[in-house]
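One structure is given below, encoded as structure tokens.
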Amino acid sequence: MTLAPIALGATGCAGGTELRQVQAGGQRTFLSDASEQAQSTAHLEGTLEVGDGGCWLARRPDDTTEVLVIWPQRTSVSDVHPALQLDGDEYSQGSPITFGGGYREIAEQEPAAECGAKEAFIIN
């Protein structure tokens, strides 16, 4: 399988961070310049899933909260099936994830609000 970067879609804003939306393989992926979050020290652990609107969400281990995952721009998106590649690792539905980065609230008017999560995690 070949994963290739795809640069399509609209931009939005989450907590002052510009987002780029990519639609491919039935999923919506939000990308951000991870360098903006270089000083963030939050931690996200959970299971990756494709949720409302085809968005990538992380279900936390307590199984009660879903968080929209915002990937760094260096992430490759598969146009064949829901999968992402980041730093040589592939992630798909059901993958366990552990990332550093920062949390941001999602404003009602931005495209990411259509994903059903109130909070986003921006991966470093």
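The values are calculated or read from the model by the stated rules, or taken from the named source; none is laboratory data. Treat the numbers as computed from the prediction; the structure is a model and nothing was measured. All Cβ positions, glycine included, derive from the backbone under ideal geometry; neighbour counts span all protein chains shown. Remember, those area values only see protein heavy atoms, side chains included, never the ligands or the DNA or RNA. Shrake-Rupley method; radii C 1.70, N 1.55, O 1.52, S 1.80 Å.
Name the pairs: first residue in the stretch 44-63 and in contact (Cβ under 8 Å) with a residue 12 or more places away in the chain, second residue outside any loop (DSSP other than H, G, I, E, B) and aromatic (Phe, Trp, Tyr), Cβ to Cβ under 6 Å, at least 6 apart or on different chains?
From residues that are in contact (Cβ under 8 Å) with a residue 12 or more places away in the chain, the pairs are 44/99; 44/121; 48/91.
If you scan the stretch 80-117, which residues turn out to be open to solvent by 30 Å² or more (accessible area, probe 1.4 Å), in contact with a strand residue (DSSP E or B) (Cβ under 7 Å, 6 or more places away or on another chain) and assigned to a helix (DSSP H, G or I)?
111, the sole residue that qualifies.
Please enumerate the residues belonging to the stretch 30-79 that are modelled with pLDDT of 90 or more, in a loop (DSSP other than H, G, I, E, B) and in contact with a Ser or Thr (Cβ under 9 Å, 6 or more places away or on another chain).
The answer is 73, 75.
Inside the stretch 1-29, can you point out the residues that are modelled with pLDDT under 80, under 22 Å from residue 98 (Cα atoms) and of a type in the set (A, V, I, L, M, F, W, C)?
3, 14
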